[in-house]
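Asker: A single structure is presented below for examination.
FYI, it's all coordinate maths here, none of it is from the lab. Remember, it's a predicted structure, so these values are computed and weren't measured experimentally. Using ideal geometry, Cβ is built from the backbone for each residue, glycine included, and neighbour counts are taken over all protein chains shown.
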Amino acid sequence: MLIYSQGMVRINKKSYPFFIITALYFVLGLVNIVFAYLALACMLVPFVMVARTGKKPWCSTYCPRADFLSLFRVFESSRKAPAWLNTDNTRKMVFQFFCINLFFIVMSTFMVSRGQMASIEYVRFLIAFTIPLELPQFWAGPALPDWAIHLAYRFYSIMFTSTILGVILASLYKPRTWCSVCPVNTLSSAMVRRIRQSAEES
Ligand code: SF4
């Protein structure tokens, strides 16, 4: 059942505790960084769902991060998010930032695989800011090449960055303010528009 919409995301009422998946993701990264690859599911499944349904069921119902951010409703402030945050320009800027981030991830992983740079085995916020804490790695895990460890840390960093940004916005404004600029939402919305356009033309 649709209960309200925020930004460009329509949100369904449901009662599954998907927020546990978000918490588990960050905990598993402390166990072994190989679990950071689970981020690929969050990056790919939303688009598979759009392609199959022509809608955004991931955003409306299943997204673990959105469910996690909804927990911040306890701090919900009456302050409205500034208008500039919910504009196409801001969405475009955030989307471009994440594309640049992905570009750096691919290039640095390639360079590590070629032995042209050392793998970066720590978490970064917004690409540039190193978090001065080592992830403990309680389980030795499988023997991975340096580039795979580097890539896992980069996935963990991208999930960490977007979650922290979401938490800051959720604390300042409404719980799912992040959704209005989330790159997954931006790309999913573009896909939905394209699917509807093609259906109208055919
Ligand atoms: S917009 Fe992003 S954070 Fe919000 S529900 Fe969709 S994928 Fe999750």
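Asker: Counting helices only, and only those DSSP H runs with n ≥ 4, report the 222 nm mean residue ellipticity of the chain as the sum of -39,500 (n - 2.57) divided by its residues, in deg cm²/dmol to the nearest 500.
Answerer: The helix-only estimate for the chain comes to -18000 deg cm²/dmol at 222 nm.
Asker: With the Cα gyration tensor of the chain in hand, give its eigenvalues times 5 under a square root as the equivalent ellipsoid semi-axes, listed largest first in whole angstrom.
Answerer: Taking √(5λ) for each eigenvalue gives 30, 20, 17 Å, largest first.
Asker: Separate question: Can you spot the aspartates and glutamates whose alpha carbon is less than 19 Å from Lys56's alpha carbon? Ignore those fewer than 8 places along the same chain.
Answerer: Here the aspartates and glutamates satisfying the reach criterion relative to Lys56 are Asp67, Asp88, Glu200.
Asker: About the Cα centre, and with charges only on the beta carbon of Lys, Arg (+1) and Asp, Glu (-1), how big is the dipole of the chain? Nearest 20 debye, please.
Answerer: Values: 20 positive and 8 negative charges, 165 e Å.
Rounded to the nearest 20 debye, it is 800 debye.
Asker: Which residue, Thr177, Thr87, Thr61, tops the fluctuation ranking in a GNM of the chain built on C-alpha contacts under 10 Å?
Answerer: Among Thr177, Thr87, Thr61, the largest GNM mean-square fluctuation belongs to Thr87.
Asker: Positive end of the charge dipole of the chain (Lys, Arg +1 and Asp, Glu -1 on Cβ, about the Cα centre): tell me which of Phe138, Ser189, Asn32 has its Cα farthest that way.
Answerer: The residue sitting farthest along the positive end of the dipole is Ser189.
Asker: Check cross-link reach from Lys92 to the aspartates and glutamates: straight Cα distance under 17 Å, and skip same-chain residues fewer than eight apart.
Answerer: Excluding near neighbours in sequence, the set is empty.
Asker: Taking the dipole about the Cα centre of the chain, with the C-beta of Lys and Arg at +1 and of Asp and Glu at -1, give me whichever of Pro175, Phe68, Met43 is farthest to the positive side.
Answerer: Among Pro175, Phe68, Met43, the one farthest towards the positive end of the dipole of the chain is Pro175.
Asker: Now a separate question. How far is helix 146-172 tilted, in degrees, relative to the longest principal axis of the Cα atoms in the chain, given as a value from 0 to 90 rounded to the nearest 10?
Answerer: Helix 146-172 sits at roughly 40 degrees to that axis.
Asker: Over segment 25-80, what per residue volume does the convex hull of the Cα atoms give, in whole Å³?
Answerer: Once divided by residue count, the hull of segment 25-80 is 108 Å³.
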